[in-house]
Amino acid sequence: MTGSIDRRGFLGAAGSLPLLASGAAAQEADDASAAKASVRLPYQEESRARRMKWWHEAKFGMFVHYGLYSIIGHQEWVMESEGIPIPEYEKLAAQFRPKPGAAREWARLAKRAGQKYMVLTTKHHEGFCLWDTATTDYNAARHGAKRDLVREFVEAARAEGLRVGLYYSLMDWHHPDGARCKDDADARERFVGYAHAQVRELLSNYGKIDILWYDVDWPLTPQQWRADAMNRMVFDLQPDIIVNNRNGLEGDFGTPEHRITAEDRAWESCNTMNYGWGYQRSDDQWKPAKRVVNDLTLCVQQGGNYLLNIGPEPDGSVPRGSVETLEAVGAWLRTNGAAIYPADGRAAGAFGNYTNFTKAGDKLYIHVYFWPSRSPAAAVLPSLRPETVVAVGGVRTKVLSARLLKTGAPVAFTQDAIALRLTGLPEVPPDDPTSVIELTCEGTPYVRHHLIRPEWPRYGVNVGGARSS
């Protein structure tokens, strides 16, 4: 996308925002598709704008990684990363007993957080199914819980007015044909049939499903998976559904992971609250609300969505660190939602030292994540007075009015061809973790401070021994 800014660029601008490297990223680097294919299904192409409308408006969703790995508490890749023998790992199935109402707790938390949709790992790479499937007895309805957890999830999300997404891993470490299908044609026929049957069940037994979130198509190519036939089946069963791009096909939206990188299509950044997707009982490196709010803002500013994960504990409880952060984000969104949900992306081509930007119609929203209270340089530089000043170079639209979104209080400002200066602001930030200033503009707003370089009056200070004008 022209003028796009990746996550590294944003964090460079944000300075001291904490950066959490994810151990999961290294594991997932080996899971690329065996090949990519460009298959355009006519129905999918023709109906995409209609099917995606709600998703573009939603902006913020909850990912839920929950399975047998939650019992061990070493993240979701533990079976492979620690080489646990399959007969040993299978013993966890009898111990997998989420408490009644766990899914309702997730859904209520998502709603309080301002998230508009949820995606559940119905089967992760470990191969254990959370629904009552006829394809295998390795499922939650036959062991431990003795319940259909997918049904509970779907009903919980709907009860809170949230859209429903189902994650499905094509890669399977447990199925006997899951690896040998790569070179064994008979095994491939069995395993691909198994995957198609499971997807059919998930999209047939629970009413309307809004998202199918494929993951990891190792070890087969899209042709070997019969991915185009799978997607045709998906749309036959669920005409309004949207699908991602992780079955080797382009899908309806891209899925950058552990990074925020705009694409020239619909895209959704998925990320974790700490280091891993699944529950890690010793991991207390929770992203603070400021980080989550700013990552969400960056996604929206660049025209994408943000899918933020929780990894429930063995009984389905949400770790306290996730709850505290999400509730703080939700409180912020209840005040500042106008700067997020209706925003249409591409508000800016650059960031300030302490600001980011979103826009909706003629409104430009300045997100101030490091409040620039009373700079000591104000005694020398008139441009930093009076009191606290928020200054933005390269605002390419005439500003008509400004106000603090938190309080509604009007904000004084001056504007010329180079800079917009919002003045007389309070010394203490009016909101937490990020304060937002709403500008009403004469037209569609856009910000890019690089644009002022050729226009800036230059005086040649001391060039040739004298100031030139």
statement: The one condition residue 205 fails out of (1) part of a loop (DSSP other than H, G, I, E, B); (2) touching a strand residue (DSSP E or B) at 6+ places or on another chain (Cβ under 9 Å); (3) among the polar types (S, T, N, Q) is (2)
- request: Enumerate the strands (runs of 3 or more DSSP E) found wholly within region 270-378, keeping only those where 3 or more residues are under 14 Å from the mean Cα position of the chain (by Cα).
  value: 305-310
field: Options 143, 125; residue that is modelled with pLDDT of 95 or more, crowded, with 17+ Cβ neighbours inside 10 Å, assigned by TED's automatic domain parsing to the domain that holds residue 305 and in contact with a Phe, Trp or Tyr (Cβ under 6 Å, 6 or more places away or on another chain)
entry: 125
- prompt: In the list 289, 266, which residue meets the criterion of being among the aliphatic types (A, V, I, L, M) and in contact with a Pro (Cβ under 9 Å, 6 or more places away or on another chain)?
  reply: 289
message: Checking the conditions here, which among 150, 78, 119 is modelled with pLDDT of 95 or more, under 19 Å from residue 323 (Cα atoms) and among the β-branched types (Val, Ile, Thr)?
response: 119
- line: Selection from region 424-442 of residues under 22 Å from residue 347 (Cα atoms) and modelled with pLDDT under 95 yields none
task: Out of the residues in region 343-394 that are assigned by TED's automatic domain parsing to the domain that holds residue 438 and among the basic types (Lys, Arg), state the one that is modelled with the lowest pLDDT.
output: 374
message: Checking residue 392 against (1) exposed (fewer than 14 other Cβ atoms within 10 Å of the Cβ); (2) under 29 Å from the mean Cα position of the chain (by Cα), only one condition comes out false. Which one?
response: (1)
statement: Flagged pairs (Cβ under 7 angstrom, 6 or more apart or on separate chains; first in region 290-308, in the same structural domain as residue 109 (by TED's automatic domain parsing) and under 18 Å from residue 335 (Cβ atoms); second assigned to a helix (DSSP H, G or I) and among the polar types (S, T, N, Q)) are 292/325
task: Go through 194, 168 for me and flag whichever is in a helix (DSSP H, G or I) and either in contact with a helix residue (DSSP H, G or I) (Cβ under 6 Å, 6 or more places away or on another chain) or on the phi < 0 side of the Ramachandran plot (or both).
output: 194
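The values are calculated or read from the model by the stated rules, or taken from the named source; none is laboratory data. This is a predicted model, so every value here is computed, not measured. Virtual Cβ from ideal backbone geometry, glycine too; neighbours counted across all protein chains shown.
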